[in-house]
1. In terms of modelled amide H atoms, which long-range or inter-chain residues lie less than 5 Å from the amide H of residue 81?
2. Can you tell which of 233, 63, 323 lies farthest toward the positive end of the dipole of the chain, using +1 and -1 charges on the Cβ of basic and acidic side chains (Lys, Arg; Asp, Glu)?
3. Among 273, 34, 44, pick out the residue whose Cα is farthest towards the positive end of the charge dipole of the chain, where Lys and Arg carry +1 and Asp and Glu carry -1 on C-beta, about the Cα centre.
4. Any idea what the dipole of segment 1-76 comes to, in debye rounded to 20, about its Cα centre with Lys/Arg Cβ at +1 and Asp/Glu Cβ at -1?
5. Relative to the compact-globule scaling 2.2 N^0.38 Å, provide the ratio for the alpha-carbon radius of gyration of segment 7-55.
6. If you put +1 on each Lys and Arg Cβ and -1 on each Asp and Glu Cβ, how big is the dipole of the chain around its Cα centre, in Debye rounded to 20?
7. For the chain, what log10 I(q)/I(0) values come out of the Debye formula at q = 0.10, 0.12, 0.15 1/Å, with one point per alpha carbon and no solvent?
8. Per residue of segment 196-201, in order, report the coupling 6.51 cos²θ - 1.76 cosθ + 1.60 (Karplus, θ = phi - 60°) as ³J(HN,Hα) in whole Hz, putting x for Gly and Pro.
Amino acid sequence: MKPRILSGVRPTGPAHLGNYMGAFDNWARLQDSHDCFFTIVDWHSLTTDYADPSAIRQNVLEVALDWLAVGLDPARSTLFVQSLVPEHAELHLLLSMVVPVPWLERVPTYKEQQQQLSEKDLSTYGFLGYPLLQTADIVIYKASAVPVGEDQVPHIELSREIVRRFNALYGEVFPEPQALLTQARRIPGTDGRKMSKSYGNAIDIKDGADTIQAKVRPMITDPARKRRSDPGNPDICPVFDLHKAFSTKETQAWAAAGCRSASIGCLDCKARLIDHMLERLGPIHARRTEYASRPDTVWDILIEGSRKARAVAQTTMDEVRAAMKISYRKP
Ligand code: SF4
């Protein structure tokens, strides 16, 4: 049997190339070697956006379109929506009985996000309990690993601690999930900072050829290249970081040498990058457009995936209730 993994995405709108190169591309490859559960965690969106949930439904659809476009395959993976499997909420509640509040308060992102999103009132239980719900999302499928970036490792460590406490109290019900580290690749936004929706510097997976050109052409480059005749340093240029993600080794060598010798201009360099990006993203964009014309099919995929996920979650919850002595089925 293939090892099971689970990963999830908050539905906050269309995903960008940082999400694609940092996660989805890896997930698509993992489908060959793992039993993959991928979930759109709409309840997690409510932890920060509870005051205005109006965009969540559309955003769930946008995430599903991105996933199908990049090759997540409902025939090989279980693609589902968290709230369509209400057992996640039951397990969250039961875990909340055994997890001390200070364990949640010391999660680094708890205070950080409260400060970053200071315009929102995040003094809610839902926000504090976010990592607990995340643990329920993972362990309810007895996932052995979670593909994550470095920044998510503390959350997985907390999940392991919670599992250990639960198992010590009630018997071995859950395996401890491991972090399956995704190799970090720097994907800069158009302003050179990390690509992020909140910085307004993102190139989205759904962007077509015209939009990609309009975003890449004015991209920031090595500031030392004021004139075409000034040599540059590709190692500090965000355009070159994108070359490393999208271009062939030959093109990367051409760009690096041409930059250092000032034999090419930044617009030449960007034009070649755009060609490589379109080559890679063109088929993805076409698949996305095709699915977007059939939203009912996409919802059907999510509903069917959620039905499959729920069957697994229900089996686990039978075990959990029995272990906690709150199972009232006839013997
Ligand atoms: S030539 Fe390319 S790598 Fe060099 S500064 Fe211009 S865009 Fe960046």
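Please treat every number below as a calculation from the coordinates, not as lab data. Bear in mind that the values here come from a model prediction, so they are computed numbers and not experimental data. Positions of Cβ are backbone-derived with ideal geometry, glycine not excepted, and every protein chain shown enters the neighbour counts.
1. 40, 306
2. 233
3. Going by the Cα projections, it comes out as 273.
4. Working: 6 positive and 9 negative charges, 48 e Å.
Result for segment 1-76 is approximately 240 debye, rounded to the nearest 20.
5. On the way: Rg = 13.0 Å, N = 49, 2.2 N^0.38 = 9.7 Å.
Normalised Rg, Cα atoms only: 1.34.
6. Values: 41 positive and 40 negative charges, 90 e Å.
It works out to roughly 440 debye.
7. -0.66, -0.90, -1.25
8. For segment 196-201, the Karplus curve yields 7, 4, 6, 8, x, 10 Hz.
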